[in-house]
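Engineer: Here's a structure for you.
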Amino acid sequence: MKRSMAIALAASIGGALVIGLIYDMKGAFTTLWLLLPIALAVLLLAHWASNNRARLGGIDKQFRLAVLLVVGSILAAIWLGAWQMFVSGHDAVVVTVMATLIGLVALRVGQVLSRGVTSDVEALRDGLNQVGEGERDIVVEVGGDDELADLATSVNSMITRLGTEEASREEADSARRRLVASVSHDLRTPLASLRLLVESIEDGVVTGETRDRYIGQLRGHVAVLTDLVDDLFELSRIEAGDIIWTMSRIEVDSLVGDTVEAMRAQAEVHGVLVSADVPADGLIVTANPEKVQRVLLNLIQNAIRHTPADGSIKVRASATEEGVMVEVADDGAGIAVDDRPHVFEPFFRGGADTSRTTGGAGLGLAVSRAIVEAHGGEIWLEPTSSGTEMRFTLLSTASA
């Protein structure tokens, strides 16, 4: 409001000075006295209209009001000038007719211009209404290249982000439902077995060697449940970013050698030969040794489970530009093409003969991926014509 008053005053003084320079100071003061009230009145009406747009209605009516205010101020100035004898009555009539005709044309111009603006506003309104009704595959298109076009671009960007976020939430919800269903399934079987075994022992149905065998089975089921809970806990903590690991420099050849040696007995039970092929000249990475060893144990154990007797597993390591790549390769039956994209998904088992997690809870590879990615590395299934090759990378410098 203050700025508008200043503009009205400046415009009136400017007009008065022009009249004073052309005619005399009396005419200048008269002009100032005539123009200033008109300018102030028109600007006050404009501010009132701006603050009461709800009463005025649509954009088209607001355009018409603007034109009427301008033309009205021109006509008022003309007839006040005629009253003060600045112009003759004849000239005032002629200018009035001209100003009126121009005003009518200006009204039509306002209608034409407002039509495009109104159309763009309606397109934005309709688009947002469709978004509110749940549609996400719409694009709001406007005819101009102005602020409304910028607004339409922002709205389209918002719709895209909204659709992406909703898809992510739906995927996350679906994953949670699958997780609950998978956990429930994997808990139900060992718990049912535990209950039957415990009831048999409590009732005295089994004794001697059978009782000892049942107790051994109890330990096995408890171990399975413990591993399942540990894997779930580890996976949830990593995905939540709750990682407090002690990072240190690791000699990869020592870590791989120790892990392979620890798995050798289990491999021999299955008739599988496991060996390490790691350069002895010092491959060094910065990582948590227990977590990296857990990844290796998961991959080697998975390979043992799916490698036939007389088969072999090779664990290799080599230097990369950023750190080290570790590979666990076997000459087993391999993984079905349809199963390959899903092997790192929690609880995925795939086909009965080709899944890498059959016989376990299906969390080993998911946990391995989470650990490797938390170290800043990558883990993937290398395409092969036979057998299976799991590879992962570790950085020379990492933090967690």
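Engineer: Treating only the Cβ atoms of Lys and Arg (+1) and Asp and Glu (-1) as charged, compute the dipole magnitude of region 179-239 about its Cα centre; round to the nearest 20 debye.
Structural biologist: On the way: 6 positive and 11 negative charges, 27 e Å.
In debye, rounded to 20, region 179-239 gives about 140.
Engineer: Based on the mean of other Cβ atoms within 10 Å per residue, sort peptides 150-162, 302-314 so the most packed one is first. Write down the numbers at each step before the final one.
Structural biologist: Working: 150-162: 14.0, 302-314: 19.3.
Ranked by mean Cβ neighbours within 10 Å, highest first: 302-314, 150-162.
Just so you know, all these numbers are worked out from the coordinates, no wet-lab data involved. Small disclaimer: the values here were computed from a predicted structure and weren't measured. Counting neighbours? That spans all protein chains shown, and the Cβs are built from the backbone with ideal geometry, glycine included.
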